[in-house]
C-alpha cells in the first residue's frame, strides 16, 4: 500500500495543459524530490498536492484517503515556502504556533510544542522576535518550525533553499537531511538544483514540460538515465554525449567514435541486445566524466576498462580533480582524472574508458536504447 | 600671460555655473517667502492687533484671542469640525478598505470599477457640494423624485434640518474621497506576498482571520498615509460646506474655515478671523510636521 499516490494527475489552464498526466507513488518515510528546469510544472504539482491549485483530472491519495478535493487545511500536510511566507506582524513563537492556534489547540499544549520545535531547530532565543529582525537562515528555520510543529503526515518544501547564500545552503541541506532521518518524515521537495536533488532524495522525479521523464532512486537517475534530457540535466559537470556509429565486429558489437585525426573503437558491453538492432546506425553515447579517467584512477575491479591515447585540448584543475578535455565525435568531452596526472595541452595522453558504464541513446527519439 | 587669462576665464565660468541655479530659483523663493510665510507672520500679528474692518496695527495683546474663545459660534465650529473629521476619516478608511478587499478578489471588471470609484476624486469640492446640494434638497432632488414616483410619505430633509445637516456634508465628502482611499489600500493589498496567504490557508485560518490577523496588520503604513491625507482634506472642507449649506441652517454646519471667512469679510472682525486662522494653521502643522519628519527622515536602517 503506497503512502502518497499521484494517479494520472493533469492540470489545464484554459487550452494549455501544464501537467500531462503525472503518475508517482512513494512510500512512508520517502524523500521525493521533484526536479526540473523552470516551467516544467514541478511547483504546480506541489501546489496541487497542497490543495492550493485545483486538479483538472486524476486523483491524489494520501495514506489510503482520496484528498483530490479536500481543503488544504484538512489534508494533514505542512508546507515550507520559497519566500518563507512568515507573518510579519507576529513573533516567531506566534508564527510557529499559528497553525495550532487555528486548530484550537489549548495554550499550554501549544507552548510546549513551540518550545520543543524551537529546541530542535536551535531558535529558542529568537521566539520573541519579529521576522524582520531575523537573518535569512533564521527565517528559514522558523518556516521549517512552523511546518514541523503540526506533525503532519506529509511535508511539502517549495525550493526552500534558493534564497540562501551558497555556504548556508549547503549547511541547511545537511540539516534537512538529518531532520528527515531523525523524524522518519515523508517529504515532497521541489528544486531546480540537481545537486540538492541527488543529496537529499530517496526518490527523484525528473520533470520537463509537464511530463515525468524518470522516477527512481538517485542512483537510477544518475547511472541509468531514461533519456537524453535526464542524462544531460543530472550531474555536474554533465554527462558526455558523444556521437558514434554502432557496428558488428565478428561476434562483438562496437561503437566507432571519430577523434580529431582518427577513429576510436569502443566495445559495447551494456544493453547489447537492444543495441544490436542499431548496427550500422548512428547513436549518441553517454559517459559520465568520472567514467573517462587516467589508467591509475580507473575502476579495474568492477569496470571494463578500455584505454586509448587522445589529444588533450584543455586542462582544468579544480584542486580535488583534474578535468581534461579532448575532442570526440566533434564535441568536447570531459574526463575526470586524478589531481596531478601528468598531461599537457596539445600533447597526447592515455584516457581510460569504463565501457561498463557507457549508455546509448537514439538520436531521433532521444530515448535510451535498452 | 594668455595662459593665466584663460584660467581666469575658466574660473569665472565655474562661478557662473555655481550661481546659475540659485539665480533661477531666487524669484520664486522670494515670492513664496513673501506671499506665504510673510503673510503667515502678518496674519499672526493681526491676531494681536485691534483690526476690525480694515487692518489696524494697534497692539492689543491677547484681546482678540479671548474674544475668539468666548464666542459661541467658534465653539459650534470646533464641535462641527471634530464631528465631521472623525466621521469622515473613519468612514472613508473603513469603506475604502472594504471596497479594496472586495476589489482584490480577482473579479472580472476590476479596472472599470476602480475607475468608477476613483472618479469622484477628480471633482472639486465645489462641484461635489453643488451636486449633493441639488440631490438632497427636498424641493429639487431625491425627496421630490420619490414624491413624483408616488411615494408621498418619503421624507429626507437632513440638508435643512439643523441637527442632521452636518451629516449630509459627511456623506458628500465620504462619497468623494472613499475611492481614493480604496486605491491606496488596493495598492497595499497588491504588495502582500501571495505565499503568505497560502501558508495561512494551510495553517487552517478562515478568510476573515487571514485578513484580520495577517493582511490588515501589514497595511499599517497605508492607514497612516490615509489618515494624514484625510485629516488635512477634512480641515480644508471649506468649499464643500460653502457650496452645500453655506454653514447653515443657522450655524449648524459652521466649521473654523467658514467662521474665519464670515468674520473677516462680512462681520468686520478681522482680528478674530486672524486668530482663528492662526489656530487652524497650528492644528494642521501639528498633524503634518511629524508626518513629514518621519517620511523625509528616510527609511529606518
### Message
Can you give the FRET efficiency to the nearest 0.05 for residue B:152 and residue B:126, using r as the Cβ-Cβ distance and R₀ = 35 Å?
### Response
0.55
### Query
Cα atoms only, the stretch A:261-332: Rg and Dmax in Å?
14.2, 43
### Task
Just rank A:15, A:220, fewest to most, by other beta-carbon atoms within 10 angstrom.
A:15, A:220
#### Entry: Per residue, the convex hull volume that the Cα atoms of the protein assembly as shown enclose (Å³)
333 Å³
### Message
Let me check against my output: what whole-number percent is the relative contact order of chain A, with C-alpha pairs under 8 Å and at least 6 apart?
### Response
15 percent
### Task
Can you pull a Stokes-Einstein diffusion coefficient for the stretch B:147-242 at 25 °C (0.890 mPa s), Rh from Kirkwood over Cα pairs, as a whole number of µm²/s?
145 µm²/s
### Message
Once you keep just the Cα pairs under 8 angstrom separated by 6 or more residues, what percentage relative contact order results for chain B?
### Response
29 percent
### Query
With springs only between Cα atoms under 10 Å, which of B:124, B:66, B:11 fluctuates most in a Gaussian network model of chain B?
B:11
### Query
Calculated FRET efficiency, residue A:299 and residue A:168, Cβ-Cβ r, R0 45 Å, to nearest 0.05?
0.80
### Task
Please give the FRET efficiency for residue A:63 paired with residue A:220, using the beta carbon to beta carbon distance and R0 = 22 Å, rounded to the nearest 0.05.
0.30
### Query
Which distance in Å, rounded to a whole number, links the C-alpha centroids of the stretch A:173-225 and the stretch A:266-303?
26 Å
## Note on the structure
Using the Cα gyration tensor of the stretch B:78-117, the equivalent ellipsoid's semi-axes, largest first and to the nearest Å, work out to 30, 10, 4
### Query
Tell me, what is the Rg over Rh of the stretch A:4-233, with Rh the Kirkwood radius over Cα pairs?
0.97
### Summary
Place a point 7 Å from the Cα of residue B:118 in the direction of its beta carbon; the residues of the stretch B:186-209 whose amide N falls under 16 Å from it are B:186-191
### Task
In whole Å, largest first, what are the principal axis extents of the Cα atoms in chain B?
96, 63, 34
### Query
Regarding the stretch A:240-361, what whole-number volume in Å³ per residue does the convex hull of its Cα atoms give?
96 Å³
### Task
Give the span of the stretch B:44-126's Cα atoms along each principal axis, as three whole-Å numbers ordered largest to smallest.
67, 22, 17
### Query
In a Debye calculation with equal point scatterers on the alpha-carbon sites of the stretch A:110-213 and no solvent, what is log10 I(q)/I(0) at q = 0.19, 0.20 Å⁻¹?
-1.03, -1.12
### Summary
One checks the Cα atoms of the stretch B:174-301 and finds Rg and Dmax, in Å, of 21.0, 69
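Taking all pairs of different Cα atoms in the stretch B:65-189, averaging 1/r and flipping that mean, what Kirkwood radius in angstroms comes out?
16.7 Å
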### Task
Divide by every residue of the protein assembly as shown the summed helix terms, -39500 (n - 2.57) for each DSSP H run of at least 4, and state the resulting mean residue ellipticity at 222 nm, rounded to the nearest 500 deg cm²/dmol.
-14000 deg cm²/dmol
### Task
Run the quick spin-label model on residue B:39 and residue B:289: label points 7 Å from Cα toward the beta carbon, then report their separation in nm to one decimal.
2.2 nm
### Virtual spin-label span in nm between residue B:239 and residue A:179, 7 Å along Cα→Cβ
5.9 nm
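Every number in this text was worked out from the coordinates using simple rules, so none of it is lab data. Nothing here was measured: the structure is a model prediction, and the numbers come from that model. No Cβ is skipped: glycine too gets one built from the backbone with ideal geometry, and neighbour counts run over all protein chains shown.
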